[in-house]
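See structure below.
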């Protein structure tokens, strides 16, 4: 698995590549108003104002953010405030990139950056669902929800001074921006409070309640505001809000599960069959070989009895009596660590066997193709670039049809986008999915051949 810093730098390069592709596409669209109508849903009379007043300032900001992400030298020992700063920059990158569909690749790079930062801060293992995994879900989800809230606020602000700009919502009354502000503020509050409460403490129930409130409120906002999505940017906003809501609710569910089954002294009929303890024995410091065992295989002490900590059950290092938190890893050591797994014990060994087979298949595939993760990223970026270039470089417009409607088709070698437009507005947009998938496969193979050939010639 690549390190978070590698993912962060790759995300920064993707942001920079996407923003330069976006400005090229934007300049091209200024000279092709029907295409501008499709991508921004604004009249050709205000297209120049949107490009100069909205897109170019966003371009400068996102370029600076991409440079910061691509050149950050280290990502170890993140504090909450450093994490909050990086996540705020990522939030800004996501919102500004999604404001114009031109920068879709930068939007994907921003998501990579966000994942890298939250991974480096929370350090989840994903071997089981525990408070670090729950914190990862909640932190990522609340940032995505805040990004969607900021995006819709920016769209509302642009629609105030550009009358033909589509807001992307059917009915937006006077309370609409205030509701978005409430969602954004509550999401950021949950982002700040959750790690402080739970990552080194006991307040798992409160974290679950906060996550539930944020997730449910954002979900209700999506439903109640009757989005109709005739601005493509609104689709990205709905994607951000939807994925963020799902992640936040998943993290909240894990927190609630931990709070209900966290006590080691639960009665037998209430004790979950999918609980197991931490990584090290708190009495002798030896690693626990079997995660479902009830006594240490080395010192034979009961691991579910009352705890008097001598060794940290998280990092295995010696801790003097009287400490509430481990002086080495800063974890709370007054209670045993409890993990929650979604799989029952009988399914664990089967899942491990399946995972081992999948890992062997991937290793064989990597040996046969000899493609590294870095090369795969290059191939993916080239594939997107080639697809964009085919979209920009090939346009076929049929003669005027009945009722003054024209038809334009985009894409090469297979035309996968069909646009029907009259003199002043777009009537319909159709995506031919089979042609798009075939084009994508062809460009993926071309990118693979170029990347593989160049890297092998260098070596």
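The values are calculated or read from the model by the stated rules, or taken from the named source; none is laboratory data. On a predicted model such as this, the values are computed, not experimentally measured, just so you know. Cβ atoms come from the backbone with ideal geometry, glycine included; neighbour counts cover every protein chain shown.
Residues in the stretch 183-200 that are in contact with a helix residue (DSSP H, G or I) (Cβ under 9 Å, 6 or more places away or on another chain), surrounded by fewer than 19 Cβ atoms within 10 Å (Cβ to Cβ) and touching a residue at least 24 places away in the same chain (Cβ under 8 Å): 192, 196.
Checking each residue of the stretch 47-55 against the condition of being closer than 15 Å to residue 97 by Cβ and either at pLDDT 80 or above or assigned to a helix (DSSP H, G or I) (or both) gives at least one match.
To keep it simple, each residue is scored yes or no on (1) under 23 Å from residue 28 (Cβ atoms); (2) modelled with pLDDT of 80 or more; (3) touching a helix residue (DSSP H, G or I) at 6+ places or on another chain (Cβ under 6 Å).
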{"residue": "394", "(1), (2), (3)": "yes, no, no"}
{"residue": "404", "(1), (2), (3)": "no, no, no"}
{"residue": "418", "(1), (2), (3)": "yes, yes, no"}
{"residue": "424", "(1), (2), (3)": "yes, no, no"}
{"residue": "428", "(1), (2), (3)": "yes, no, no"}
{"residue": "434", "(1), (2), (3)": "no, yes, no"}
{"residue": "438", "(1), (2), (3)": "no, yes, no"}
{"residue": "443", "(1), (2), (3)": "yes, yes, yes"}
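Of note, residue 92 satisfies the criterion of being part of a helix (DSSP H, G or I), at pLDDT 90 or above and outside the structural domain of residue 390 (by TED's automatic domain parsing).
Take the residues in the stretch 63-79 that are under 21 Å from residue 194 (Cα atoms) and in contact with a helix residue (DSSP H, G or I) (Cβ under 6 Å, 6 or more places away or on another chain), then tell me which one is surrounded by the fewest Cβ atoms within 10 Å (Cβ to Cβ). Lay out the reasoning, then the answer.
Narrowing the stretch 63-79 to residues under 21 Å from residue 194 (Cα atoms): 75-79.
Adding the requirement that they be in contact with a helix residue (DSSP H, G or I) (Cβ under 6 Å, 6 or more places away or on another chain) leaves 75, 78.
Numbers: 75: 21, 78: 19.
If we take residues in the stretch 63-79 being under 21 Å from residue 194 (Cα atoms) and in contact with a helix residue (DSSP H, G or I) (Cβ under 6 Å, 6 or more places away or on another chain), then 78 is surrounded by the fewest Cβ atoms within 10 Å (Cβ to Cβ).
Picking from residues in the stretch 29-46 that are part of a loop (DSSP other than H, G, I, E, B) and in contact (Cβ under 8 Å) with a residue 12 or more places away in the chain, the one that is surrounded by the fewest Cβ atoms within 10 Å (Cβ to Cβ) is 45.
Please specify each residue of the stretch 81-103 satisfying the condition of being touching a helix residue (DSSP H, G or I) at 6+ places or on another chain (Cβ under 6 Å) and more than 30 Å from residue 389 (Cα to Cα). Within the stretch 81-103, 83, 86, 87 meet the criteria. Beta carbons closer than 6 Å, at least 6 apart along the sequence or on distinct chains, pair a first residue in the stretch 103-128 that is more than 14 Å from residue 69 (Cβ to Cβ) with a second that is assigned to a loop (DSSP other than H, G, I, E, B) for 121/78; 128/341. Residue count for the stretch 139-179 satisfying the condition of being in contact with a helix residue (DSSP H, G or I) (Cβ under 8 Å, 6 or more places away or on another chain), assigned to a loop (DSSP other than H, G, I, E, B) and over 19 Å from residue 36 (Cα atoms): 2.
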